[in-house]
Amino acid sequence: MTKLHALTLIALMITSAAFADPTPGISSAQTSQLEEAAAHARDLELRDAIDDALHLAGGEARRVRFTFEGDQGALEVRGAVLAWDTLKVERYRVADLAEAMLLGEQDRDDPSEPHTLELRGRDVLVLSGPAAQDAATVRELRSLCWPKSAQKRVDGFYRKAGEDDQWMRISREALAASPWLAGHPSLEPTLMQQLAALSPNATLTSEGTLLRLDLGGDGIMTLDRADAFTAVGMHTSADAERAILAFRDAVLGDAPAPAAGPGAPAAGGLVDGLAGSAPASPWRSNRAAR
């Protein structure tokens with residue numbers, strides 16, 4: 001599956017290193033001018049709401065801003081990182097949806113770390129750590145981190161369960177905002193057809209808008225080009241495929257999200273929380289401090 005992983009190039013990822021060294025989770029080789037500052041009051045409110053809802057303690061919160069040197073040029077990014085021993089919540093805001101897509105397309109420092117990433121307009125939310133491997137916990141975190149006005153909007157959803165077990169769905173609007181991703185071969189049926197022709201044990205089937213390529217023990221690829229979205233999956237086995245789709249259904253299903261726990265902010269969340277002015281405390285260079 002390593003070859004398929006390189007061919008599909010579907011990673012929407014952003015991970016962090018240990019919070020004692022609170023760099024954003026994208027590859028450090030592509031990050032420059034990294035600065036950090038004290039958390040906003042709304043970051044601390046969200047941290048406390050997560051503490052109460054998930055019965056956590058000892059969480060830290062910091063603001064970060066940096067320049068991301070992506071393939072399509074430099075992006076100015078700012079946001080916040082909340083971290084506990086078992087959970088990391090990363091929240092970033094960029095200029096528009098196209099920039100959010102470009103930031104999300106890049107690899108993480110640790111390509112094997114399981115995580116969930118979500119795009120909504122200008123905003124990127126990443127959930128990682130042992131606590132974020134439970135679908136019910138992810139649902140609750142989403143209900144805390146996104147304002148109610150944004151609950152129904154999901155421009156991009158990415159779940160990585162392992163280096164070669166991942167699933168991504170991108171809305172039609174998000175694809176239109178990211179021409180680089182919209183034109184990628186992994187989102188076209190031609191790639192799967194070519195791989196099927198090259199593998200004597202491969203089986204390519206279709207059901208409605210879904211194409212599924214079973215490489216006969218070497219992995220499974222899926223492509224769903226629906227009207228409202230395009231979804232791509234890569235799995236090590238049928239069991240891994242079922243597990244990640246069950247996680248997807250549990251998180252994005254029709255059941256109502258769990259209510260926010262005690263202490264949850266009455267307003268704000270990710271979008272409103274990142275829209276405010278700069279903190280009063282001065283930014284300091286994280287790199288210079290070390």
| remark: HN-Hα couplings for segment 76-86 via Karplus (6.51, -1.76, 1.60; θ = phi - 60°), in whole Hz with x for Gly/Pro, come out as 8, 10, 9, x, 9, 10, 10, 9, 10, 4, 10
| task | Name the residues whose placed amide hydrogens come within less than 5 Å of the amide hydrogen of L211, ignoring near sequence neighbours (fewer than 5 apart) on the same chain. | result | L223, D224, R225
| query | Taking a probe of 1.4 Å, how large is the accessible area per residue of segment 38-188, in Å²? | reply | 37 Å²
| request: Convert each backbone phi in segment 164-176 into a coupling constant with the Karplus relation 6.51 cos²θ - 1.76 cosθ + 1.60 (shift: θ = phi - 60°), then list the ³J(HN,Hα) values in order as whole Hz, x for Gly and Pro. | output: 10, 9, 8, 9, 9, 10, 10, 6, 4, 5, 5, 5, 5
| said: Quick check: the distance between the Cα centres of segment 78-148 and segment 171-200, to the nearest angstrom? | reply: 24 Å
| message | Explain nothing, just the number: dipole magnitude of segment 38-189 about its Cα centre with +1 on each Lys and Arg Cβ and -1 on each Asp and Glu Cβ, in debye rounded to the nearest 20. | response | 700 debye
| message | I'd like the Karplus ³J(HN,Hα) series for segment 116-122: coefficients 6.51, -1.76, 1.60, θ = phi - 60°, whole numbers in Hz, and an x wherever there's a Gly or Pro. | response | 10, 10, 9, 10, 9, x, 7
| Amide H partners (placed H, <5 Å) of T31, local residues excluded | E69
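The values are calculated or read from the model by the stated rules, or taken from the named source; none is laboratory data. Because the structure is predicted, anything quoted here is derived from the model rather than measured. Here the Cβ is made from the backbone with ideal geometry for all residues, glycine too, and neighbour counts use every protein chain on show. The accessibility values were calculated without ligands, DNA or RNA, using every heavy atom of the protein model including side chains. Shrake-Rupley method; radii C 1.70, N 1.55, O 1.52, S 1.80 Å.
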